[in-house]
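In what follows, a single structure is set out as structure tokens and then discussed.
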Amino acid sequence: MGASEGLTEWVRRASLGQASAFSELYRRTRPQVARLVGGFAPLDPDEVEDVIQETFVRAFRALPRLKEPGAFESWLLSIARNRARTRLERKSSTRRLEEDVADPEPETVPHLPEALQLERDIEVVRQLIAELPEGEEKRTVHLFYIEGELSAREIAEKLGVGKSAVTMRLERFRSRIKRELLRRVLAGRWE
Amino acid sequence: MRHLDDGALRALTHQDAATVKYFAEHLAHPCDTCEAFLAAHDGPGLLDGQVDSLLLGLAPRASQEAPLDEVGLARVRRAMQPQRPGIRRWGLVAGSIAACLLAVVLLPRMRAAGSGDSTAPWTGQKGGAARIALELSVAARDDGGALRRLDPDSVVTDADVLLLRYHATEAGTALLFEQRAGEPPELLGEFPLVAGTHDLQGPQGLAGVSLAGESGLVTLWLVGSAGGPPPAEAVRELLEGENPTWEHTALAVIRFDVRVRNGQNRP
Ligand SMILES: [Zn+2]
């Protein structure tokens with residue numbers, strides 16, 4: 001993906017302490033982080049904003065230790081998901097307070113798959129979406145991930161369901177993609 | 001049949017050959033048990049980030065042209081300064097406090113310093129932009145929740161939170177900066193202005209400026225423009241200038257100084 005190649009150069013510059021590189025990384029990646037965090041149904045807009053801020057503070061602090069600049073976006077999004085989850089667990093009074101989820105250590109971030117591999121992964125995901133039976137889940141996935149313009153809340157309004165229904169559909173689909181990706185990683189290791 | 005669990009995930013992370021082989025085959029087919037486990041647990045490794053990066057990368061990428069969220073970045077920068085632990089507390093003041101503030105309507109008003117008769121337009125705006133005049137009143141809320149109005153140059157303590165109320169002649173946008181003696185102004189936030197008298201509040205609620213960790217002279221700058229926000233960097237340069245040229249712009253600039261007495265240093 002051209003976008004992530006461009007990112008890598010800014011990650012290198014940021015790790016050298018260039019202030020403008022941090023701005024550029026923030027500008028380019030904030031939309032993805034906001035989309036990810038905004039998809040967590042029980043978080044209100046203030047909490048989403050706090051989680052976004054905390055994500056970048058943690059990532060920027062640890063960035064000089066990031067061994068694999070090409071992994072920046074995946075690493076950043078992992079941090080964002082952890083932060084959002086931690087915030088949800090703190091918020092929920094019915095669940096016990098769990099330990100703060102640890103961020104992935106920047107030193108141990110593994111190499112990313114080759115660009116070719118990534119393109120294949122994208123094809124697989126598109127295929128899986130195409131193969132979904134026609135219905136609400138497919139429509140939701142299409143609106144959120146393929147068109148990528150409406151927020152989870154807006155999709156809920158459009159489809160006339162609650163935001164948590166949208167989030168559940170997206171999470172369900174995501175866990176299927178995660179299984180498929182894990183399988184591919186494992187198959188690659190075995191070969 | 002074996003499904004994913006904590007033990008299996010550990011074995012996969014350590015690349016245990018038998019486990020890898022088993023799950024490479026098992027996960028080739030949909031499995032509700034394993035998918036539920038994957039949804040509720042992180043990893044292995046950066047898998048979650050890779051999945052999200054992949055999924056969020058499917059939509060046309062607008063991030064190359066995304067505008068910089070200066071307010072958000074400024075908040076990140078401030079939060080990254082470890083030597084000022086209190087600063088990141090800026091932002092939210094709970095609803096009960098908003099109610100307290102609403103009860104305080106007799107705050108004195110300052111004349112806007114920058115609302116003179118100058119006609120030169122703000123260079124960042126299209127010509128003929130409406131002029132906006134601002135007035136500002138400031139109240140301090142102490143750690144017991146009591147509010148008191150402040151005159152300019154009042155002495156406050158570092159346990160106080162400053163709350164702002166403005167009067168605007170037009171709708172517009174304001175930037176709020178905080179400046180410590182000898183340091184450049186720092187952007188605290190961007191706020192919509194509504195014509196009339198209102199509490200300063202953003203999408204996150206009522207704005208309160210925490211003074212925790214501060215001492216000495218602290219200056220608040222409220223910079224308003226009719227319409228959209230003026231570029232924060234340009235405003236910062238204007239505020240820092242030896243001879244502030246904002247008097248010749250369409251901006252309304254209000255300065256409010258307080259002197260912070262650090263509670264911990266008191267005898
Ligand atoms: Zn299974």
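The values are calculated or read from the model by the stated rules, or taken from the named source; none is laboratory data. Since the structure is predicted, the reported quantities are computational estimates derived from the model, not experimental observations. Reconstructed Cβ throughout: ideal geometry from the backbone, glycine too, with neighbour counts over all protein chains shown. These accessible areas exclude ligands, DNA and RNA; they are computed on the full protein's heavy atoms, side chains included. Shrake-Rupley method; radii C 1.70, N 1.55, O 1.52, S 1.80 Å.
The alpha carbon centroids of segment A:41-84 and segment A:118-181 are separated by 22 Å. Around the amide H of B:LEU211, modelled in the peptide plane, lie the amide H atoms of B:ASP160, B:LEU162, all under 5 Å away and 5 or more residues distant in sequence or on another chain. Here B:LYS21 is the anchor, and the lysines within straight C-alpha reach of less than 19 Å, apart from those fewer than 8 places off in the same chain, are A:LYS178.
What is the mean number of Cβ atoms from other protein chains located within 10 Å of the Cβ atom of each residue in peptide A:34-44, rounded to a whole number?
1
Close amide H partners of B:SER154, meaning residues 5 or more places away or on another chain with modelled amide H under 5 Å apart, are B:ARG259. Farthest towards the positive end of the charge dipole of segment B:1-79, among the residues B:THR19, B:LEU58, B:ALA36, is the Cα of B:LEU58, using unit charges on the Cβ of Lys, Arg, Asp and Glu.
Total buried accessible area between A and B, probe 1.4 Å, nearest 100: 5400 Å². For segment B:6-56, the equivalent ellipsoid derived from the Cα gyration tensor has semi-axes of 18, 14, 11 Å, listed largest first.
The heavy atoms of B:ASP151 offer some 70 square angstrom of accessible surface to a 1.4 angstrom probe.
Ignoring ligands, DNA and RNA, how do A:GLU123, B:GLU170 rank by accessible area with a 1.4 Å probe, largest first? Write out the running numbers ahead of the final one.
On the way: A:GLU123 105, B:GLU170 65 Å².
My answer, sorted largest first, is A:GLU123, B:GLU170.
When Cβ neighbours within 10 Å are restricted to other protein chains, what is their mean count per residue of peptide A:167-180? Mind dumping the intermediate values first?
Working: counts 0, 0, 0, 1, 3, 4, 2, 7, 9, 6, 6, 12, 14, 5.
Mean inter-chain Cβ contacts per residue within 10 Å come to 5.
Using θ = phi - 60° in the Karplus curve 6.51 cos²θ - 1.76 cosθ + 1.60, the 3J(HN,Hα) couplings for segment B:30-40 round to x, 9, 4, 4, 5, 5, 5, 5, 5, 5, 9 Hz; x is entered for Gly and Pro. Place +1 on the Cβ of every Lys and Arg and -1 on the Cβ of every Asp and Glu in segment A:132-189, take the dipole about the Cα centre, and give the residue among A:SER175, A:ALA156, A:ILE146 whose Cα lies farthest towards its positive end. The residue sitting most towards the positive pole is A:SER175.
Near B:LEU220, once Lys and Arg are set to +1 and Asp and Glu to -1 for all other residues with Cβ below 13 Å from its Cβ, the sum equals -2. Counting only Cβ charges, +1 for Lys and Arg and -1 for Asp and Glu, the dipole size of segment B:6-56 around its Cα centre is about 180 debye.
Please compute the average number of Cβ atoms from other chains found within 10 Å of each residue's Cβ in peptide A:49-61. Each step should come with its number before you reach the end.
On the way: counts 8, 5, 0, 4, 8, 3, 1, 7, 7, 2, 1, 4, 3.
Per residue, the average neighbour count from other chains is 4.
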